[in-house]
1. What number of residues within region 33-53 satisfy the criterion of being over 16 Å from the mean Cα position of the chain (by Cα) and in a loop (DSSP other than H, G, I, E, B)?
2. Write out, first by first residue and then by second, each pair whose Cβ atoms fall under 9 Å of each other, whose residues are 6+ apart or on separate chains, and whose first residue, in region 137-148, is in contact (Cβ under 8 Å) with a residue 60 or more places away in the chain and assigned to a strand (DSSP E or B) while the second is open to solvent by less than 10 Å² (accessible area, probe 1.4 Å) and hydrophobic (A, V, I, L, M, F, W, C).
3. Only one of (1) of a type in the set (S, T, N, Q); (2) at pLDDT 85 or above; (3) not in a strand (DSSP E or B) fails for Asn151. Which number is that?
4. Would you check which residues across region 60-75 are in a strand (DSSP E or B) and in contact (Cβ under 8 Å) with a residue 24 or more places away in the chain and list them?
5. Looking at region 91-118 only, could you name the residues that are surrounded by fewer than 17 Cβ atoms within 10 Å (Cβ to Cβ) and of a type in the set (S, T, N, Q)?
Amino acid sequence: DHGCDWSSDVCSSDLVTKSNAAVANALQRLKTVDPTDVINSVALSDNYLIFMGSTTGTLLVYDIVRAAGVYTITYNAAPVWRNASGVVPTAQVTNAQMVTGRYGHVIAITADGRVFGIGDNSNGQLDVDPVYGTFLSATAGNGFTTSVTANNRVQFWGDSPDNSLLYINKPKYVMETP
């Protein structure tokens, strides 16, 4: 929960201070690639803070560790991204157009519609399979990922401990949309 009371928008000052430092660090890193780049989007999960650059689609991954109520946020130069094929080299995760995070995982979609995930994959929520086409949008849920493809399919990957998807123990579910 990152020490935050989401009902009142109150977070620990330690997390806020270290997140602000990570923002400054991410901006500096983005500007070494492209001096005009700025942070376009941010995704936060239990273990990751990810920034996306606006002009390059660069994704910068920061690991979040909480021990004894104290946060450490550290830049991760070699994050372990994956998709349905397994672990993907970081160099292939480029030109992102969106990033979303929640609970223990983060999902990124590139400009050419590929999907990559990082973090917890205990329910198969990172095993997004491109067999159904290119992806337009996604969101990270509690043990699952929901996505929309360019050929009008809604897909659910993983499973949900709280049964949010209304089915149990299915690795994926694909639903045609009108």
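1. Of the residues in that region, 5 qualify.
2. Between residues of region 137-148 that are in contact (Cβ under 8 Å) with a residue 60 or more places away in the chain and assigned to a strand (DSSP E or B) and residues that are open to solvent by less than 10 Å² (accessible area, probe 1.4 Å) and hydrophobic (A, V, I, L, M, F, W, C), the close pairs are Ala140/Ala43; Ala140/Val106; Ala140/Ile107.
3. (2)
4. Within region 60-75, Leu60, Val61, Tyr62, Ile64, Arg66, Val70, Tyr71, Thr72, Ile73, Tyr75 meet the criteria.
5. Residues satisfying the conditions are Gln92, Thr94, Asn95.
The values are calculated or read from the model by the stated rules, or taken from the named source; none is laboratory data. Every value quoted in this text rests on a predicted model; they were computed, and no experiment measured them. All Cβ positions, even for glycine, are placed from backbone atoms using ideal geometry, and neighbour counts span all protein chains on display. For the accessible areas, the whole protein counts, side chains as well, though only heavy atoms, and no ligand, DNA or RNA atoms are used. Shrake-Rupley method; radii C 1.70, N 1.55, O 1.52, S 1.80 Å.
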